[in-house]
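Structure first, then comments.
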Amino acid sequence: MPTFFEKKQLVTPGELLAEGDYLPGENSYVENGKIYASRIGLVDSDNKKVNVVALRAFYVPKTGDIIIGTIIEVGFNGWTVDIQAPYTALLRASDVLSRPFKPQNDELSAVLNAGDLIVAKIASYDRAHDPQLTVAEPGLGKITRGQILRVTPTKIPRIIGRKGSMISMIKQETNCQIILGLNGVILVTGKTPENEETAIMVIRKIEEESHTSGLTDRITQLLKEKKQQVIEETQQ
């Protein structure tokens, strides 16, 4: 029951990964008892399941996901939103306005206009219809401050860390609020621009080195060094 890869090895579509008593997982498929990669990425196995973590991937919406999107069009009864997916999403005016929507009276561009950023939730999605968004919950709605960065969506779980450990550490050490959109768009809001830049630098490092071992220790050390640097600069 052999495998044909080293852990975290880079593989390409169609490459033979394993045969025998193994199961296809993420981005892999089985054919005649053999498992092959379906896209380029880093291969690993977990309890006989062979997974390929895509290096570059579109976001695939799931109901309940928190995302950060960009308004790209103001329509007759709502907004079209870019959510970094192969298809756009719809935010209905009735979901945003706190009163009944009247198309003849309401100027939707005064509420949200093209280019505005929003934190939203995927309210519904199936492959027959574009995703529907909602902002009718606490913490959702138009973004008015902070910095935006974009990462590969498949790297978000590594930024979160096990049981939220990584993102909690970044928030605590940088004094920033951080909203991780599962579509790979991240909002960083700090008390100072320097705090925001530190958080962004750390997140970028995680994205670039997510496939390497010992990353948590390196991030911990980096945050300590940045904190000490700020202390020394304030004492000068």
Task: Subset of the stretch 208-236 (residues that are assigned to a helix (DSSP H, G or I), β-branched (V, I, T) and surrounded by fewer than 11 Cβ atoms within 10 Å (Cβ to Cβ)) - done: I231, T234
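Is it the case that some residue within the stretch 98-108 is of a type in the set (S, T, N, Q), surrounded by 12 or more Cβ atoms within 10 Å (Cβ to Cβ) and modelled with pLDDT under 90? Lay out the reasoning, then the answer.
So the first thing to find is which residues in the stretch 98-108 are of a type in the set (S, T, N, Q), and the list is 98, 104-105.
Checking which are surrounded by 12 or more Cβ atoms within 10 Å (Cβ to Cβ) leaves us with none.
The answer is no; no qualifying residue exists.
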Open item on the list: So R162 passes all but one of these: (1) loosely packed, with under 12 Cβ neighbours inside 10 Å; (2) farther than 26 Å from Q9 by Cα. Which condition number does it fail?
Closed with: (2)
TODO: Would you check if T152 is open to solvent by 70 Å² or more (accessible area, probe 1.4 Å) and under 25 Å from P131 (Cα atoms)?
DONE: no
Open item on the list: Condition check: under 17 Å from G64 (Cβ atoms), part of a strand (DSSP E or B) and touching a residue at least 24 places away in the same chain (Cβ under 8 Å). Does I122 satisfy that?
Closed with: yes
Open item on the list: Quick check on the stretch 129-140. Is at least one of its residues within 30 Å of K226 (Cβ to Cβ), over 18 Å from the mean Cα position of the chain (by Cα) and of a type outside the set (V, I, T)?
Closed with: no
Task: Residue in the stretch 184-207 that is within 24 Å of Y59 (Cα to Cα), touching a Phe, Trp or Tyr at 6+ places or on another chain (Cβ under 7 Å) and either open to solvent by 30 Å² or more (accessible area, probe 1.4 Å) or outside any helix (DSSP H, G or I) (or both) present - done: yes
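Only one of G146, G78 is more than 30 Å from T212 (Cα to Cα), small (G, A, S), out of contact with any Pro (no Cβ under 9 Å at 6 or more places or on another chain) and at pLDDT 90 or above. Can you tell me which?
Going through G146, G78 in turn, the sole match is G78.
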TODO: Collect the residues in the stretch 2-32 that are in a loop (DSSP other than H, G, I, E, B), modelled with pLDDT of 85 or more and in contact with a strand residue (DSSP E or B) (Cβ under 7 Å, 6 or more places away or on another chain), keeping them in residue-number order.
DONE: T12, P13, G14, E15, Y22, G25, E26, N27
- [ ] Determine if the stretch 163-181 includes at least one residue that is in a loop (DSSP other than H, G, I, E, B), at pLDDT below 95 and on the phi < 0 side of the Ramachandran plot.
- [x] no
Task: Residue count for the stretch 33-79, restricted to those that are part of a loop (DSSP other than H, G, I, E, B) and polar (S, T, N, Q) - done: 4
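The values are calculated or read from the model by the stated rules, or taken from the named source; none is laboratory data. Bear in mind the structure is a predicted one, so any value in this text is a computation, not a measurement. Ideal geometry is used to build each Cβ from the backbone, glycine not excepted, and the neighbour counts take in all protein chains shown. The protein model used for the area step is the full one, side chains on, heavy atoms only, and it has no ligands, DNA or RNA in it. Shrake-Rupley method; radii C 1.70, N 1.55, O 1.52, S 1.80 Å.
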